[in-house]
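Reviewing the structure listed below.
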Amino acid sequence: MCAPAARKTGDMNRSSRSGPPGSGRAARANPGDRWTRYRFRSVWDLDAEPDRVYAALERPESYPLWWPQIRAVAPAADGSSGTAFIRSALPYTLRVSAAELLRDPVRGILEVALLGDLEGWARWTVRPRSGGTRALYEQEVEVRRPLMRLLAFPGRPVFRLNHTLMMRAGRRGLAAHLAVRPEAV
């Protein structure tokens, strides 16, 4: 779901949606929407070289191989977008389409715009750390799925916990995936 290192604009850049810093997208002003908006941040410390971590993260079509909650990824023909089907502990599957905004291997940044059951953006920032790599995941989204919006206030703690469990499983899965060294040919 990623392609060249240029920032892209288009259908995903709607001025009424919030976006990554510097994207020019304004946040919604309706205070009632605050229960349907989420801001997540996860830090994954991994015992692998930054180049290997970045290479794994820039291939979302392979996420289902190591991230149990990413059930499937269907890349689009353009090579810079696709749709993921995500299911964590709660009994629902999210359908989220992602379109590349930025791919910068030199700076270690991958950023996408999200549409579907969640709308917003997500970004990976990969940096070296002593003994390996630190991968920072940041996401700002608004829930669009009607049932989740209806349950936004009472379900918020459960939705946040669900996300936390998914991210923990993803970190463990990626660490195990990276621990297997490719065989020399």
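Details
- Of all positions in region 142-156, none carries a residue that is under 30 Å from residue 47 (Cβ atoms) and more than 12 Å from the chain's Cα centre (by Cα).
- For residue 109: the one exception among (1) of a type in the set (Val, Ile, Thr); (2) open to solvent by less than 20 Å² (accessible area, probe 1.4 Å); (3) more than 18 Å from residue 57 (Cα to Cα): (3)
- Checked against (1) touching a residue at least 24 places away in the same chain (Cβ under 8 Å); (2) open to solvent by less than 20 Å² (accessible area, probe 1.4 Å); (3) in a strand (DSSP E or B), residue 170 passes all but condition (3).
- All positions within region 91-130 that are in a loop (DSSP other than H, G, I, E, B) and not aromatic (Phe, Trp, Tyr): 91, 93, 105, 106, 107, 108, 117, 130
- Residue match in region 139-154 (condition: over 18 Å from residue 34 (Cα atoms), free of Cβ contacts under 8 Å to residues at least 40 places away in the same chain and open to solvent by 30 Å² or more (accessible area, probe 1.4 Å)): no
- Meets criteria (open to solvent by 30 Å² or more (accessible area, probe 1.4 Å) and without any contact (Cβ under 8 Å) to a residue 60 or more places away in the chain) for residue 93: yes
- Residues located in region 125-138, provided they are touching a strand residue (DSSP E or B) at 6+ places or on another chain (Cβ under 7 Å) and surrounded by fewer than 20 Cβ atoms within 10 Å (Cβ to Cβ): 125, 127, 129, 132, 134, 136, 137, 138
- Identity of the residue in region 51-90, closer than 15 Å to residue 175 by Cβ and not in a helix (DSSP H, G or I), that ends up least open to solvent (accessible area, probe 1.4 Å): 67
The values are calculated or read from the model by the stated rules, or taken from the named source; none is laboratory data. Source: prediction; values computed, not measured. With ideal geometry, Cβ positions are generated from the backbone for all residues, glycine too; neighbour counts draw on all protein chains shown. For accessibility, only protein heavy atoms count, side chains too; no ligands or nucleic acids. Shrake-Rupley method; radii C 1.70, N 1.55, O 1.52, S 1.80 Å.
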